[in-house]
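All remarks here apply to the structure that follows.
The values are calculated or read from the model by the stated rules, or taken from the named source; none is laboratory data. These numbers were taken from a predicted model, which means no experiment stands behind them. Quick reminder, even Gly has a Cβ in these numbers, built from the backbone with ideal geometry, and neighbours come from all protein chains shown. These area figures cover heavy atoms from the full protein model, side chains too; ligands, DNA and RNA do not enter into them. Shrake-Rupley method; radii C 1.70, N 1.55, O 1.52, S 1.80 Å.
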Amino acid sequence: PRSPALPIRPALMATGKDLNPSYLRERGRHSDGQRFRFQNFAQRVAAVDIDVHHRLTADDMAEWRREAGEEEAEEARPFAMQTLERWVELNQTGQFTAFRTELSPMLLSVPLMLHRQDAIFEALHRHLTGVSTEALPPMLELATALAVDLRQEFYPRFAPLLGALGRLLGSSAEDVARVEAVFTAAAYLLKYLLRQLLADLPAALAAYAPLLSHPKQHVRDFAAESFSYLLRRLPRASLPAALPATLLPQIGCSSNLDSGIALLLFHTVRGLSQRFHSRTPEVLAPLLEALSSASSTASASASAS
């Protein structure tokens, strides 16, 4: 049997027109007759789904192949090359074709990728500069596939790549399809690099700060939602020290960043069915204690002066 591919979500149309679900469900027979429906910006933002943690991932595919007996056939082919090949017929844009033509010779094996990683990432950053929304999804999916193949060797590239993702939204934060593609890729990177990011959480948050402090509210919200995955995965023993050390130095830097951190805490403690997440007390207690201590110290200093 063939292995399942990672799901490809069709991009939301930047014009606000989207396929009418009732028309598709009834095949036009008992619907309102409208093939497309208009969605305003708020509705399109609300429809964006960046929850990658309940989707099939590269690690899931590897396990599926082991169960299906396909591991030996696929182990010599990097996941990045498989990803690139899967998009050949799905994306025929000129920008992606040029991207694939340049990168595919460097993705033939993991040892070759390790040897050519400087050239790979230079090409990736160059092609992401000025890329159209239509050509963006396969390029970003390849970036996450590189994290699967390179793992710890990829980690030093995380912060520069995150900066590139932020620049993609610089003047295009109203392009919902672009926002969704960027934060889906960011969420996959956080998932695949979880071990390395948790070991250096303050640096991870510092790299994410430009997204958390973005001028647009919906961008800050998506940034907070994606980064909350890391805070929820912190080991219980390290929570009391790690959370204040990570979050408190960022508070007060800017009003937008303060808003992003507030959203980050909200998404961290938000559970299902309008309930709190099970780790809410463990997350809030050390932060409240640290804030109380800082407030007492500030008051004592003010009284002494």
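Below is a table of values for the structure above.
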item	result
Matching residues in segment 223-258 - criterion: being under 20 Å from the mean Cα position of the chain (by Cα) and not in a helix (DSSP H, G or I)	R233, L234
Positions within segment 113-136 being of a type outside the set (F, W, Y) and closer than 19 Å to P78 by Cβ, in sequence order	M113, L114, H115, R116, Q117, D118, A119, I120, E122, A123, L124, H127
Any hit, segment 260-270, residues being buried (at least 20 other Cβ atoms within 10 Å of the Cβ), modelled with pLDDT of 95 or more, of a type outside the set (A, V, I, L, M) and not in a strand (DSSP E or B)	yes
Failed condition for Q274, given (1) crowded, with 18+ Cβ neighbours inside 10 Å; (2) more than 16 Å from L201 (Cα to Cα); (3) out of contact with any strand residue (DSSP E or B) (no Cβ under 8 Å at 6 or more places or on another chain); (4) not hydroxyl-bearing (S, T, Y)	(1)
Scan of segment 168-191 for residues that are among the aromatic types (F, W, Y) and open to solvent by 10 Å² or more (accessible area, probe 1.4 Å), ordered by number	Y188
Qualifying positions in segment 116-143 - in contact (Cβ under 8 Å) with a residue 60 or more places away in the chain and either of a type in the set (A, V, I, L, M, F, W, C) or in a helix (DSSP H, G or I) (or both)	P137, E141, L142
Single unsatisfied condition, P210 versus (1) open to solvent by 40 Å² or more (accessible area, probe 1.4 Å); (2) within 21 Å of R151 (Cβ to Cβ)	(2)
Scope segment 128-142; condition among the acidic types (D, E) and buried (at least 20 other Cβ atoms within 10 Å of the Cβ); matching residues	E141
Sole residue being part of a helix (DSSP H, G or I), open to solvent by 70 Å² or more (accessible area, probe 1.4 Å) and of a type outside the set (V, I, T), chosen from E89, E102, E85	E85
For V219: the one exception among (1) touching a Ser or Thr at 6+ places or on another chain (Cβ under 7 Å); (2) part of a helix (DSSP H, G or I); (3) not basic (K, R)	(1)
